[in-house]
Amino acid sequence: MLFVALGDATDVRTWCGMPYFLSSAGIQAGFFEKAARLPYESQRRPRAVWNLLRLLRHAERGGYQFSIECGERLFRAGGLFQPHGEVLSQFPMFPPDSWLDTSDISYYVDATLKQIFDVYGISAKVGKRMRSEVLARERDRYERAHRIICWSRWAAESMRNDYGIAPSKLFVVPAAANLSDADVPEGGEPPETDLSPLRLGFIGKQVERKNLALLLRVAELLDRRGVRVEVAAVGFAPDSVATHRLLRPLGFIDKRTNMRDFVSFVRSCHFGCLFSHAEAFGIANMEFIRLGVPAMTWDVGGLADTVPEGLGHVFAAEAQADEIAEKLHEYARDEAAYHRLRRAVRARSREVTYERVVGRLQKVWAGDKHDCLTTVLSPVSR
């Protein structure tokens, strides 16, 4: 089977590393024959020309990556001139249209394009006519697909409700932490320390969308209760956000060159916290869990499926800062309970690896219906 993504799936720099980690695990397990190396950077000039022609012909621009031309050109640039028999695509508009009638195509996606357009505001960057064309082509691809594996129930429900895809060919297999086994320290957990200060970890560049403000509000409530607390944050320049007495901004850590610093940061936190306003998935939650740190999130977008039951807490989408603060205060008052939770996370941390993802995908291909939408329960608060 050929695995394809929007870019070079063998390069850890592509799309936060997800295609690299999945393809590596898939090839090692014999599930993938190879991963496509699509040089998306080679499309700068064709993209500029396409946008100009789109502007002249339709008075709109944007969305080249979704176009018929992009797929055809990019696959040729990647040395893929002939359709491959079986393909698993992480990008809804790949492989090219010319492959559709002669390939057995399945998808593994974090969200539908309708969700991406609506939730992430991409609609403002893509012309109305282009959006309509793209969504129609996407629906046709899903209807043709042999199977569609979604990262979350949120995405699977969009497939069913917005695209009319039969639940019998929809599956839910969450993605995993973008970390290799070599990145995870050996020798178990560091010595147990007290929870003073209680360290809440935040990872993200888009601090507004990822709702750093809510986490700071939670910290303020804990502080008023007499709990020593700090929000340790990475992913953005410290001077790009307003100072706050409970915020400890540590700047951007490049995992490609400073993985040791990233791992040290994550393991120094007591909880990983992600309460985004909009989020298709939330790999950061799984990176905390993979490194033995419980995660807290809420049921927004695909976030509920990033924290397996017993490895943290998933709050309702309507949860307010005081409810989150109360749960954290419980652990501050009962450190033994916290350390039991952390040991449980450590013991089950391999549940969020791509080795496990590939194993579940292999079962889907073997006909197992355990992860089929028809048998997956609706989200529940944990």
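The values are calculated or read from the model by the stated rules, or taken from the named source; none is laboratory data. These numbers come from a predicted model, not from an experiment. Here the Cβ positions follow ideal geometry from the backbone for every residue, glycine too, while neighbour counts run over all protein chains shown.
Criterion first (within 30 Å of residue 208 (Cα to Cα) and either in contact with a Lys or Arg (Cβ under 6 Å, 6 or more places away or on another chain) or at pLDDT 95 or above (or both)) does residue 88 satisfy it?
Here the answer is no, as residue 88 does not meet what is asked.
Quick check, is residue 104 touching a His at 6+ places or on another chain (Cβ under 7 Å) and surrounded by fewer than 21 Cβ atoms within 10 Å (Cβ to Cβ)?
Here the answer is yes, as residue 104 does meet what is asked.
Yes or no: the stretch 128-143 includes at least one residue that is crowded, with 18+ Cβ neighbours inside 10 Å, of a type in the set (A, V, I, L, M, F, W, C), in contact (Cβ under 8 Å) with a residue 40 or more places away in the chain and assigned to a loop (DSSP other than H, G, I, E, B).
no
Residues checked against (1) aliphatic (A, V, I, L, M); (2) buried (at least 20 other Cβ atoms within 10 Å of the Cβ):
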site: 295; (1), (2): yes, yes
site: 330; (1), (2): no, no
site: 344; (1), (2): yes, no
site: 373; (1), (2): yes, yes
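Do we have any residue at all in the stretch 159-169 that's at pLDDT 95 or above, surrounded by 20 or more Cβ atoms within 10 Å (Cβ to Cβ), not β-branched (Val, Ile, Thr) and not assigned by TED's automatic domain parsing to the domain that holds residue 304?
Yes, the stretch 159-169 contains at least one residue that is at pLDDT 95 or above, surrounded by 20 or more Cβ atoms within 10 Å (Cβ to Cβ), not β-branched (Val, Ile, Thr) and not assigned by TED's automatic domain parsing to the domain that holds residue 304.
Would it be correct to say that residue 56 is closer than 22 Å to residue 131 by Cα and buried (at least 19 other Cβ atoms within 10 Å of the Cβ)?
Judged against the criteria, residue 56 is not a match.
Which one is farthest from residue 194 (Cα to Cα) among residues in the stretch 223-249 that are free of Cβ contacts under 8 Å to residues at least 12 places away in the same chain and small (Gly, Ala, Ser)?
242
Let's see how each residue does on (1) over 18 Å from residue 331 (Cα atoms); (2) of a type outside the set (Phe, Trp, Tyr); (3) assigned by TED's automatic domain parsing to the domain that holds residue 20; (4) crowded, with 18+ Cβ neighbours inside 10 Å:
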| site | (1), (2), (3), (4) |
| --- | --- |
| 196 | no, yes, no, no |
| 249 | yes, yes, no, yes |
| 266 | yes, yes, no, yes |
| 269 | no, yes, no, yes |
| 291 | yes, yes, no, yes |
| 301 | yes, yes, no, yes |
| 306 | yes, yes, no, yes |
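Please determine whether any residue of the stretch 25-44 is in a helix (DSSP H, G or I), modelled with pLDDT of 95 or more and surrounded by 19 or more Cβ atoms within 10 Å (Cβ to Cβ).
yes
Which numbered condition trips up residue 106, out of (1) of a type in the set (Ser, Thr, Tyr); (2) free of Cβ contacts under 8 Å to residues at least 40 places away in the same chain; (3) more than 29 Å from residue 235 (Cβ to Cβ)?
Result: residue 106 fails condition (2) only.
What are the residues in the stretch 230-248 that are touching a strand residue (DSSP E or B) at 6+ places or on another chain (Cβ under 7 Å) and either on the phi > 0 side of the Ramachandran plot or of a type in the set (Lys, Arg) (or both), if any?
235, 248
Taking strands (runs of 3 or more DSSP E) that do not extend beyond the stretch 204-316, which have at least 2 residues that are among the hydrophobic types (A, V, I, L, M, F, W, C) and within 26 Å of residue 349 (Cα to Cα)?
Those strands (runs of 3 or more DSSP E) span 229-234, 271-274, 295-298, 312-315.
For every residue, the table says whether it meets (1) touching a helix residue (DSSP H, G or I) at 6+ places or on another chain (Cβ under 6 Å); (2) within 20 Å of residue 10 (Cα to Cα).
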| position | (1), (2) |
| --- | --- |
| 40 | no, yes |
| 44 | no, no |
| 50 | yes, no |
| 57 | no, no |
| 61 | yes, no |
| 73 | yes, yes |
| 80 | no, yes |
